[in-house]
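Have a look at the structure below before the remarks.
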Amino acid sequence: MPCERKPMRYGHSEGHTEVCFDDTGRYIVTCGNDGDVRIWESLDDDDPKFITVGEKAYSLALKKGKLVTASSSNTVQIHTFPDGDPDGILTRFTTNATHVTFNRSGTRVAAGSSDFMVKVVEVSDSSQQKTLRGHEAPVLSVTFDPKDEYLASSSCDGSVVVWSIEQQTQVISWPLLQKTNDVSNATSLCRLAFQPAAGKFLAVPVETRVHLYERGSWDHVGSLSDELLTQPVNVAVWSPCGRFLAAGAIGGLLTIWDVNSRLVVERQKHEKGFTVCSLAWHPSGSQIAYTDTEGCLGLLDGLGTSGTSTSSTKAPAAKPKDYDDLFDEDDDRLMDEGLSDANSPVKKAAEDEDDDDFLIPSTGRVRNRGAILNDENSLDTGSLKLGQDKFGDDEDDDAGSSVAPAAAQRPVYDGPVPTPPQKAFQPGATPAHLTHRFMMWNSVGIVRGYNDEQDNAIDVEFHDTAVHHAMHLTNSLGHTMADLSQEAVLLACPSTDDLASKLQCLHFSCWDTSKEWMVDLPQGEDVKALCLGQGWAAVATSALLLRLFSVGGVQREIFSLPGPVVCMAGHGEQLLVVYHRATGFDGEQALGIQLLQFGRRKRQLMNGEPLPLSPKSYLSWAGFTAEGTACYVDSNGLVRMLNRALGNTWTPVCNTRETCKSKSDHYWVVGAHENPQQLRCIPCKGSRYPPTLPRPAVAILPFKLPLCQTSTEKGQMEEQYWRSVLFHNHYSFLSSSGYEVDEAAQTQSDKEQQELLMKMFALSCKLEREFRCVELAELMTQNVVTLAIRYASRSRRMNLAQRLSEIALEKSTQLQEDEEPEDEPEFTSDRRTSGYQQSEPYNTRQNEEEDDEEERVEEEDGREMETEETKRRLNPFAKESGLPVRPSLTPVGRVGRSNPFKVADSGKPASSSGQPRASNILDNMRSSRKLAPLSGSAGKPSKGPVLKPLAPRTKAKAQSTLLQISSNKMPNKKTPEAAEPAADLQKQPDVVAPPAENTENKRPKTGFQLWLDENRKIIIADNPDLDETDVIKEAMGRFRTMSADERLSWTERAKGQSGDAADVKKRKRAENEAVESDESNARKKSSSLDPSSKLSAFAFSKH
């Protein structure tokens, strides 16, 4: 019984679906979980008529122009067919009916329900009902005896019962099934079937077999089984002639037996392995329609049975197929249309590997295998026959069914199966066979095509009407492809017997009156794909050529493509070409990609690299984001984007299938944006593409990288960081291509990335993952590394702080190398000095703001983070405008970097010249921490890290930084007690530091500091156990409790003491002070001091 399995197509939403033929076999009728009954003229009917019968439709039956349905409204309704007009309600139940069926004459309807009852209703008079009671659980199925004497039913109580309709009593009951409490939990629907005509047998699906019971005696006369049936049989249906029985199983296996010989004559498997929940024979017996639990409809065609003949002749051998059958028109068209997953030709190849092993023993042919080695030792699969023909007469069947010896078999090719190549398509276009379709939907506008009996036209609509008004074009040439840009509309039509393939362009942005041009392609050359860019148009043809035109119609470059084109996309100066680089095997498409950039200097960014696709999928959309980054979508819904920073690799950024509610739903992508991060697409319920009417609504999906453990806080921050990095790579590409870049947006993206790194750093510190902290610091900018050092120092992780200081030094050195020309040493010195130097006007401005210092010290860490971020991106090597720059007299190579651990000598008078600030974070923290004994770090002076000083502050408010303790918030207010540990550091034998000036010590004390100096002993006496940090906190608390007048008096006293210092600062531009400053700088930088020793001494010395 050679047959062809048609590809599955979408029928209804996910859930139980049923199917039947009308009496003539002209229509296929289905119902499903969406509450619709759909009437299909054929499997390829893209616009079936539908009747809505309720919220859900559980079952249907059709006979003599009457359509009966069981819906979720607990009713059994009747409609006229094929008009679909309501014709009343046959019966009602207390809950939903589960199965309905007609008798042979169409005068009665039987319905089983979840309320345990079975009703038999007269169609002509619904008041005449017979109720069959006796089941103890929901009814699974019902079937009429062809002679209208008996009715059989199966139930979730595990029983199969035969009823006498007239007497309304049970004739016999068999406990055959597994007991369940509901139809949804049943392992099998157990759809029974009486043999048509004579009604000799009752077929009952039981586990993996179909039991046959003889009518009348009700004896079990045999079973139909198959060694390859490993899952329960769901439904059994007799052929119209009554000779063959078809069964559908839970695993998707379709099996057909010859009941006389009890042999399997045909096996097919559902292409996705979904459960088959309904079967229906065509009245002629040549087709079987079937549905699955996912709402899809399929068809087995060419079964070759006859309802009239009683003795079949030998089935002729199948017509030999050659290798080209793999690429027949049906496969190509279905690939082009992309109606569902089943339409992808790769799906057929996917099932072949599963089917090969069990298709050969019974039927002697390999299903859906057309790839045969073309040599003299090979034989077509359709011509192979094992043993006796299964369609011989009874005498042949009785003679035996021995299998022919293996020597008589010809060898069959059983290697990898070539995948039919995907046909060329236009991204953003719906299939060309539709009468109303989208020819293009992109970020500029929409091009619709209409080709019906009334009109053959093209409508062009722009999202922004400022670009151009809407246009209506007559489609006299039969254009099938289109593209739309800000400048033009590009159309193309295939060639015919009389006319060549034409390319037509409407250049609506042209400033002259001639806005249209047309080009005929050479004879025998058809347009396969086209696209528009900025000032150019590209056309790929069937001759493997790519032709470039200017938007005004001038022919430009032409070059050959490595393989047949699949699709093209253009954006600005970039052209993306996807083509077949080879023949794919086992369901895979072997696609290659070329990415070219036009402009002043034409170049090829990617040439021939393979295009990654999901397993057994094909390309469904390709294009560019609004910012110009190439991306594409495959049939599995996976969106990938070009990662220029990683060697032009492709990174998956979204999976649209994760947001689909049903397996039959899809998203039709129309565009993507990187800033904001949005994937613009149209949700398609039960289809792969949207209808033109009503106008579909565009949905926005978020991007998400498929990193591991994104449910955890760490995984979420990692995903956000790397997604931000990926989606902001276009800034560097645009700037290198000569485009203007939104610096504010770029700065904001950098800020977001550094914030995420800092959060991950803090989380790793809490988890005590110090090595991970160092890895994160490698990704940070120089200023954020400084914040990380402060955080590590406050967390008392001094070893981590040391390692971070090495990273800070490397990053600052790298910045210096990048920004400083090697042949200008003096300029280099100027830049470095200005980066670390605090000028006199800057300090003067700080003095004017000292009065507000008491309020600033109460700021919380959240405000400190916010303040630090506003100055984080200051370039520490850039010159401050308006500040005097004095080059150092000492060569850079001999001085090295300024030591951030050097402590100023409190006994040396401050110089008025601009010295580098002692802005080392750890120095600012030394007065606020009890230090532990030295633990080994001082013994390695040659390998100690050096912490990089901070960038210059622009205001006094910028002194508060991330996670500083309160003493750090007042770096300008050092007390004599706080300076004592610093003085002790210089007296240690292993740390020899020359006297150095600290510009911070030159600042006047505030009112709070004066009050603290006088009251420190009192506070310590009251609280002898407090360390330095707690002393300062206690002092701040007491100072705030004072009256406003008292605090103002202390502030005035502080200002009175600062007069002399201010006068000195005003005279800082004098020449003698400048010379003194240069000499001081040279003395300080000439002496080397081991930073590791100083860090250890600082960290662990005692107060």
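The values are calculated or read from the model by the stated rules, or taken from the named source; none is laboratory data. This is a predicted model, so every value here is computed, not measured. Ideal geometry is used to build each Cβ from the backbone, glycine not excepted, and the neighbour counts take in all protein chains shown. Keep in mind that these areas ignore ligands, DNA and RNA; they rest on the heavy atoms of the full protein, side chains included. Shrake-Rupley method; radii C 1.70, N 1.55, O 1.52, S 1.80 Å.
At a Förster radius of 30 Å, what calculated FRET efficiency corresponds to the Cβ-Cβ distance of SER795 and LYS751, to the nearest 0.05?
Calculated transfer efficiency: 0.80.
Taking amide H positions as placed 1.01 Å from N in the peptide plane, with prolines and chain starts having none, which residues 5 or more places from GLU294, or on another chain, fall under 5 Å of its amide H?
GLY15
Quick check: pseudo-label points 7 Å beyond the Cα along Cα→Cβ at SER72 and GLN534, how many nm apart are they?
5.2 nm
May I ask you to compute the full-extension gain from SER735 to ARG104, defined as 0.36 nm times their residue separation minus their alpha-carbon distance, rounded to one decimal in nm?
The span from SER735 to ARG104 would gain 219.4 nm if fully extended.
Scan around ARG108 for amide H atoms under 5 Å from its own, H built in the peptide plane at 1.01 Å from N, and keep only partners 5 or more places away or cross-chain.
ASN103, VAL123
Answer with one residue from CYS765, HIS730, GLN746: the one whose Cα lies farthest towards the positive end of the charge dipole of region 700-814, charges on Cβ with Lys, Arg +1 and Asp, Glu -1.
My answer, from the dipole projection, is CYS765.
Please report Rg (one decimal) and Dmax (integer) in Å for the Cα set of region 146-287.
Cα only, region 146-287: 14.6, 46 Å (Rg, Dmax).
For the pair GLU768 and TRP218, how long in nm is the line joining their label points, each one 7 Å along Cα→Cβ?
7.5 nm
May I have the convex hull volume per residue, in Å³, for the Cα set of region 27-71?
Residue-normalised Cα hull volume stands at 67 Å³.
At 1.4 Å probe size, with the rest of the protein present, what percent of the exposed accessible area of region 207-305 is carbon and sulfur atoms?
That fraction is 44 percent.
Please find the FRET efficiency linking ASN181 to THR659, where r is the Cβ-Cβ separation and R0 is fixed at 41 Å, and quote it to the nearest 0.05.
Computed FRET efficiency for ASN181 and THR659 comes out at 0.75.
Placing +1 at every Lys and Arg Cβ and -1 at every Asp and Glu Cβ, with all other atoms neutral, what dipole size does region 218-299 have around its Cα centre, in debye to the nearest 20?
Around 100 debye, computed over region 218-299.
State log₁₀ I(q)/I(0) for region 598-714 at q = 0.11 Å⁻¹ as given by the Debye formula over alpha-carbon point scatterers of equal weight, solvent excluded.
The Debye formula, applied to the Cα set alone, gives -0.42.
Want the number for HIS433 to VAL554: 0.36 nm per residue separation, take away the alpha-carbon distance, what's left?
In short, 40.3 nm is gained.
Dividing the alpha-carbon radius of gyration of region 62-137 by 2.2 N^0.38 Å (N being the number of residues), what value is obtained?
Relative to the rule-of-thumb radius for its length, region 62-137 sits at 1.03.
Can you list which of the GluC sites (Glu not before Pro) found in region 185-242 are DSSP loop residues with at most 11 other C-beta atoms within 10 Å?
Counting only loop positions with at most 11 other Cβ atoms within 10 Å, the GluC sites (Glu not before Pro) in region 185-242 are GLU227.
Roughly what % of Cα-Cα distances in region 75-204 sit above 24 Å, to the whole percent?
The calculated P(r) of region 75-204 puts 25 percent of pairs beyond 24 Å.
For ILE172 and ARG1053, compute 0.36 nm times the residue count separating them, minus their Cα-Cα distance, and round to one decimal in nm.
Result: 305.9 nm gained on full extension.
How are the C-alpha pair distances of region 455-604 spread across 5 Å bins, as whole percents from the shortest bin up?
2, 9, 18, 20, 20, 15, 10, 5, 2, 0, 0
Evaluate the distance, in nm, between pseudo-label points positioned 7 Å from the Cα of SER514 and of ASP818 along their respective Cα→Cβ axes.
5.2 nm
Once the Cβ-Cβ distance between GLU1014 and ARG600 is put in as r, and R0 is 56 Å, what FRET efficiency do you end up with, to the nearest 0.05?
0.15
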